[in-house]
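Heads up: the structure comes next, in structure tokens.
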Amino acid sequence: MQKISTIVLFVAALATAACNNPNRNGMGGAGGAGGMGGAGAIGSASDPNSPAYFAQTLGDMVHFVVDQSTLTPEAQAILTKQAAWLVQHPNYTAIVQGHADEQGTREYNLALGARRAESVKQFLIANGVSGTRLKTISYGKEQPIALCSDESCFQQNRRAKTALQLGGGV
Amino acid sequence: MTDILRPSRLLALALAGIAALSAPALRAEPLRMTIDQPDLQPLPFAAPTFLSQGGDVAQAITDVVIADLQGTGLFAQIAPAAYISRVSDFDAPVAYADWKAINAQALITGRVIQQGDQISVAFRLFDVFADAPLGDGMQFKGATGDWRRIAHKVADQIYARITGEKPYFDSRVVFVSESGPKDARKKQLAIMDYDGANVGFLTDASSIVLAPRFSSKGDRILYTSFETGFPRIREMTLATGKSRALADLEGNMTFAPRFSPDGDTVAFSLEQNGNTDIFSMSLASGQVRQLTNAPSIETSPSFSPDGSQIAFESDRSGGQQIYVMPASGGEGTRISAGDGRYSTPVWSPRGDYIAFTKQNGGRFYIGVMRTDGSEERLLTSSYLDEGPTWAPNGRVIMFTRESPGATGSAQLFSVDISGRALHPVPTQGAASDPAWGPLLP
């Protein structure tokens, strides 16, 4: 019971944060759990304390092999930097958004995106970020960022993005 | 007016027979076609425009009856220009010789009487080469606004009498209506007649909605919505259009819901800490039961029509395959055996087949197999076909076909279980995730 009310509170807080943030990214225009980051992130990419630095200089996105949720060495390198930044900036929480490419059925891809997001979350936890600051969500194949239908786009879409949220323990 | 949320009951009456012009010829078997036959030639039929007494829907009703029958791929209309006989009196004897001369195997005649907002549609079906009616004439009465449904009822009678199958034209489909570019797709739930007519929207496009499923009575639908920001199952009552979130569970995401045949239980997937398993929930008590327990992805559960078993997909073997387990849960027995991946199993309402999505060699297929996995038959193939749903008679399947590329979009398609009559279902914009409801009353 306690856990349930925590989730409800979290979602309410999230909605408020998203509404207050005109630069939010990752919504896909369709009411997802948003977060700041990406090209629209706040601050300057050269300011090491800004979300823009986290998103653009460190990199807020990691990519996966077809059908896999294991982290490649490249992904681990990025996540190690993400973890260090999150440890140094305890006023931020994050939602890890898992995605799949279009080469899969809808429900399986939702489950696969969740696996990917969880694998990122566990890596961040193993590198010192408190699990209470991390939440995951899967969008399955619903929000592609690269639109062609060959591997050059599929590999960009098989991703997990760490979207920052300002304030509030999860 | 037609109320999209509450289909009314149409009144059906048998008509008295009419005298035959000549004595019925002796014929060993009545007019009958078996749709399982793959090399079947469409049956030629004649359907002169129904006679009209008041109103202006007789032509439109005739057109819908013809479109229903031709859409099955089992029937071919003979062009009206070839007709020798004219039908000017619904109760006059039929000039069989004139219809035999143009090789019409079946003749359909009809009469539409409209009085204000009520119509009555009568039809008769004749086995031309037997010189005899095929079954009694029938009359359907209803609101004029329901004229399309009445036309479907007429076509259903004709289809059922000639094929021996149960009817399915007077039915509806819930689906996801899509708009916007591929990287900012808007999705909303919609409902339509099986042929794409009478579309109504059930949600707005403010949050992603996925994969609606009908209850077997057609009164409720389950779907997955991102309304709270996170994927959650909702149940909508069609009569009111109101929906509710199903009880919150400890976990991140609930999805892939499906009603049990009695409508009392929902089987669904729950994701916890990245792992997806199948659970069931009693709608009355909210009591939840875990049906699978594995570190692999278990999803897309579908009940057998007697409610005793559940087909589902799992990637426990390394890739997606189809399994069947008791409705109370368990390990399950794998039934899919061919190359590639098998997913989205859906048990036929007749219980004889399981429809599925298959991926192999970079292509997607819709297919059917027996419930033990034997007699696998692929019906379609494209860049991306997925998510089959059964017509209420278990003889036709609708699914999503998505075209590739940046401008790619989803469309609904229909095909029968022999792979015949593959055709797009007309929708105004892009559409996906169809769920076929029951035959209407």
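Listed by chain and number, the aspartates and glutamates whose alpha-carbon sits under 12 Å from that of residue B:358, ignoring those within fewer than 8 places in the same chain, are B:313, B:339, B:376, B:385, B:386. Among the GluC sites (Glu not before Pro) found in region B:228-303, those both in a DSSP coil and sparsely packed, with 15 or fewer other Cβ atoms within 10 Å of their Cβ, are B:250.
Across peptide B:314-320, the mean count of Cβ atoms from other chains lying within 10 Å of each residue's own Cβ comes to 2.
Taking a straight line from the alpha carbon of residue A:81, these lysines sit under 16 Å away, with near neighbours fewer than eight places off in the same chain left out: A:121, A:161. Which net charge results for the neighbourhood of residue B:180, defined as the other residues with beta-carbon distances under 11 angstrom from its beta-carbon, given Lys and Arg at +1 and Asp and Glu at -1? Local net charge: +2. Here the residues A:63, A:99, ranked from fewest to most Cβ neighbours within 10 Å of their Cβ, fall in the order A:63, A:99. Charging the Cβ of each Asp and Glu at -1 and of each Lys and Arg at +1, and nothing else, the dipole of chain B about its Cα centre rounds to 320 debye. In chain B, Cα pairs under 8 Å separated by at least six residues give a relative contact order of 12 percent. Just so you know, the Rg over Rh for region A:35-170 is 0.96, from Cα atoms, with Rh as the Kirkwood radius. Ordered from longest to shortest, the equivalent ellipsoid semi-axes for region B:33-116 are 25, 17, 10 Å, each the square root of 5 times a Cα gyration tensor eigenvalue.
With a threshold of 28 Å on the Cα-Cα distance, the over-threshold entries among B:141/B:187; A:135/B:242; B:187/B:217 are B:141/B:187; A:135/B:242.
Toward the positive end of the charge dipole of the protein assembly as shown, with +1 on the Cβ of Lys and Arg and -1 on the Cβ of Asp and Glu, the farthest Cα among B:94, B:400, B:126 is that of B:400. Counts of other chain beta carbons within 10 angstrom of each beta carbon in peptide B:152-164 average 0. Partner shielding of B:134-146 amounts to 0, given as the average count of beta-carbon atoms from other chains within 10 Å of each residue beta-carbon.
Report, in whole Å, the centroid distance computed from the Cα atoms of region A:96-170 and region B:148-206. Between the Cα centre of region A:96-170 and that of region B:148-206, the gap is 34 Å. Shape summary: region B:172-439 maps onto an equivalent ellipsoid whose semi-axes, from the alpha-carbon gyration tensor, are 24, 23, 18 Å in decreasing order.
With contacts taken as Cα pairs under 8 Å at a separation of at least 6 residues, region B:186-261 carries a relative contact order of 24 percent. Computed from point charges on the beta carbon alone (+1 for Lys and Arg, -1 for Asp and Glu), the dipole magnitude for the protein assembly as shown about its Cα centre is near 980 Debye. If you take the alpha carbon atoms of the protein assembly as shown and fit the smallest convex hull around them, that volume is 157 Å³ per residue. Run the Debye formula on the Cα coordinates of region B:220-315, all scatterers equal and no solvent, and tell me log10 I(q)/I(0) at q = 0.21 1/Å. Ignoring solvent entirely, the Cα scatterers give -1.08.
Once the Cα atoms are used to define both axes, helix B:147-163 deviates from the longest principal axis of chain B by about 80 degrees.
Here, each number is a calculation from the coordinates, and none is a lab measurement. From a predicted model like this one, the values you see are computed outputs, not experimental measurements. Backbone-built Cβ (ideal geometry, glycine too); neighbour counts: all protein chains shown.
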